[in-house]
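Just below is one structure, and these are the notes that go with it.
The values are calculated or read from the model by the stated rules, or taken from the named source; none is laboratory data. As the structure is a prediction and not an experimental result, all values here were calculated from the model. Neighbour counts are summed over all protein chains in view; Cβ atoms, including those assigned to glycine, are modelled from backbone coordinates with ideal geometry. Accessible surface areas use protein heavy atoms only, side chains included; no ligands, DNA or RNA. Shrake-Rupley method; radii C 1.70, N 1.55, O 1.52, S 1.80 Å.
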Amino acid sequence: MKAHDGMYIGGRWRPAAGPDTIAVVNPADEQVIAHVPAGTAEDVDAAVRAARAAFPGWAATAPAERAAGIARLRDVLVARADEIAETVTAELGAPLAMSQTVHAGVPVLVAGSYAELAASYSFEEKIGTSTVLLEPVGVVGAITPWNYPLHQVVAKVAPALAAGCTVVLKPAEDTPLTAQLFAEAVDEAGLPAGVFNLVTGLGPVAGQALAAHEDVDLVSFTGSTAVGRQIGATAGAAVKRVALELGGKSANVILPSADLAKAVKVGIANVMSNSGQTCSAWTRMLVHKDQYEEAVALAAAAVAKYVPGERVGPLVSAKQQQRVRGYIEKGVAEGARLVAGGPAAPLERGYYVSPTVFADVTPEMTIAQEEIFGPVVSMIEYADEDDALRIANGTVYGLAGAVWAGDEAEAVAFARRMDTGQVDINGGRFNPLAPFGGYKQSGVGRELGPHGLSEYLQTKSLQF
Ligand code: NAD
């Protein structure tokens with residue numbers, strides 16, 4: 001596949017500082033499809049300097065002009081949607097239809113939403129005798145994961161640019177080609193040099209250098225809780241702003257009055273989408289004891305439609321495949337009942353994992369507590385609503401969740417008691433403007449919509 005052998009810094013592709021490269025592998029057939037440079041602290045430093053140099057000019061640009069730039073970027077993403085979808089499929093393994101609708105489609109919505117918000121947002125407000133100015137924070141270090149390679153990038157870069165910040169992006173090492181395409185799109189959209197910069201590389205090297213760089217004003221990180229904790233500590237020591245979008249272990253709570261068949265079917269679909277590699281996936285299905293066996297049978301029937309290599313892609317890497325299979329083995333060892341799937345690889349080639357459903361899962365089991373990040377659903381029985389709430393809230397995470405009930409008000413009443421950042425009521429609908437982010441160890445800060453924009457702003461109050 002097409003790949004750049006340099007970094008996008010200061011509005012052009014430049015040679016990397018060091019000779020090392022990263023091999024990009026197609027997880028569906030395990031073939032190396034490209035190499036990209038493995039950035040060093042030197043590359044990061046050059047990118048941060050470019051972002052710093054571009055900052056005063058971009059921050060002073062009228063919001064309408066920034067909005068126009070982001071709208072042009074959105075248009076390029078639309079024009080290059082096929083190429084984006086093919087690239088995501090090649091390096092992430094998602095089925096092409098999924099890449100087209102979600103991986104290429106959602107970033108267009110998000111970029112579009114920030115083109116509109118940049119134009120309409122009030123960057124100034126009156127509070128009593130004061131005028132409060134909402135000013136860009138400065139240079140943003142953005143560190144993104146591989147699971148939604150373009151969405152994760154756009155969900156940080158678009159609001160940062162809308163706010164008047166400049167950005168250095170360090171994308172995940174598994175999916176750097178999509179990030180390179182994004183840099184091409186920025187270039188094609190004619191955004192000023194240095195406003196957006198890309199350094200590909202390994203997390204502990206380039207990512208670490210970016211998070212620790214003294215001239216970065218805000219670090220926005222999406223990824224694992226383990227790395228997020230480290231980045232938060234580094235940012236805290238430097239008294240620097242930080243936004244962390246971390247893991248999840250979300251509950252899909254099916255109340256007795258719900259349409260059980262629909263709730264189970266949508267619940268399974270939610271986890272199988274993107275091969276379970278979605279931080280907000282509803283990986284714990286909570287069902288009332290009187291409906292439990294019926295729900296288990298429904299889940300077994302629903303998951304049978306997710307055939308690996310057809311509707312379900314591989315996991316992103318051999319490492320992830322091993323990790324998820326390890327969790328499935330652990331579930332069996334701890335006494336959960338396999339209803340579908342299991343640890344054996346379903347295909348000889350590619351990093352596939354069998355879509356797996358566990359029944360008889362207790363809330364304390366490892367598979368009910370830790371984020372698996374694969375196509376694995378844990379079905380847990382509850383006795384009554386209070387029990388369901390205790391189980392739903394009983395992990396260190398709080399990113400998302402779902403509630404199903406016959407009556408919307410009943411579902412909302414339950415959702416209000418959940419310790420989590422986002423809840424879908426009776427299936428919900430994706431809203432690119434709704435704030436997304438976690439309670440508890442799922443993170444700090446919010447992405448998307450006006451709440452996502454405000455992460456990149458700081459206030460200055462003028463008293464009269
Ligand atoms: P990861 O934390 O290993 O990597 C994420 C990013 O951080 C990558 O770009 C990586 O190179 C970089 N990184 C790794 N070590 C680093 C270090 N020491 N310093 C700086 N940067 C470093 O996570 P992953 O395996 O890529 O992604 C899977 C995890 O991300 C899952 O736990 C998932 O829940 C979480 N996630 C969360 C969200 C969310 O919005 N809350 C979204 C997607 C993924």
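Tabulated data for the structure shown
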quantity	calculated
Formal net charge of residues neighbouring Lys240 (Cβ-Cβ distance under 12 Å; K, R +1; D, E -1)	-2
Cα gyration tensor shape of region 251-431, rounded if a/c is under 1.5, else prolate or oblate by comparing a/b with b/c	prolate
Relative contact order (%) - criterion: Cα under 8 Å, at least six apart; region: region 416-462	28
Modelled label reach - Thr234, point 7 Å along Cα→Cβ, region 423-464 residues with backbone N closer than 13 Å	none
Degrees between helix 260-272 axis and first principal axis of the chain (Cα, 0 to 90, nearest 10)	50
Pairwise label distance in nanometres, Ala345 with Ser224, each label 7 Å out on the Cα-Cβ vector	2.0
Net lengthening on full extension, Glu124/Phe464 (0.36 nm per residue, minus Cα-Cα)	120.9 nm
Residue among Ile425, Val296, Pro355 farthest towards the positive dipole end of region 251-431, charges placed on Cβ	Pro355
Nearby aspartates and glutamates by direct alpha-carbon distance to Lys156 (threshold 12 angstrom, same-chain neighbours under 8 apart not counted)	Glu245, Glu447, Glu455
Percent of Cα-Cα distances greater than 23 Å, calculated over region 192-325	53
Label-point separation, Ala301 to Ala64 (7 Å along Cα→Cβ), nm	5.9
Rounded to the nearest 20 debye, dipole of region 219-335 from Cβ charges on Lys, Arg, Asp, Glu	500
Dipole moment magnitude, nearest 20 debye, the chain about Cα centre, only Lys, Arg, Asp, Glu C-beta charged	540
Protection-proxy order for peptides 15-25, 171-181, each taking the mean of Cβ atoms within 10 Å per residue, highest first	171-181, 15-25
Computed Kirkwood radius, in angstrom, where 1/r is averaged over Cα pairs of the chain	22.6
Relative contact order of region 251-431, defined on C-alpha pairs under 8 angstrom at six or more residues apart (%)	28
Entries of Lys262/Lys440; Lys249/Lys330; Lys305/Lys330; Lys330/Lys440; Lys126/Lys440 with Cα pairs more than 21 Å apart	Lys262/Lys440; Lys305/Lys330; Lys330/Lys440; Lys126/Lys440
Contour excess over end-to-end distance, with Cα ends at Arg429 and Ala261 and 0.36 nm allotted per residue	58.6 nm
Region 51-138: relative contact order as a whole-number percent, Cα under 8 Å and 6+ apart	35
Percent of beta bridges antiparallel (DSSP, the chain, rounded to nearest 5)	45
Rounded Å value of the spacing that divides the Cα centres of region 317-365 and region 19-78	36
Heavy-atom accessible area ranking, 1.4 Å probe, most first, across Cys279, Cys165	Cys279, Cys165
Cα-derived Rg over Rh, computed across region 138-228 with Rh taken as Kirkwood radius	0.93
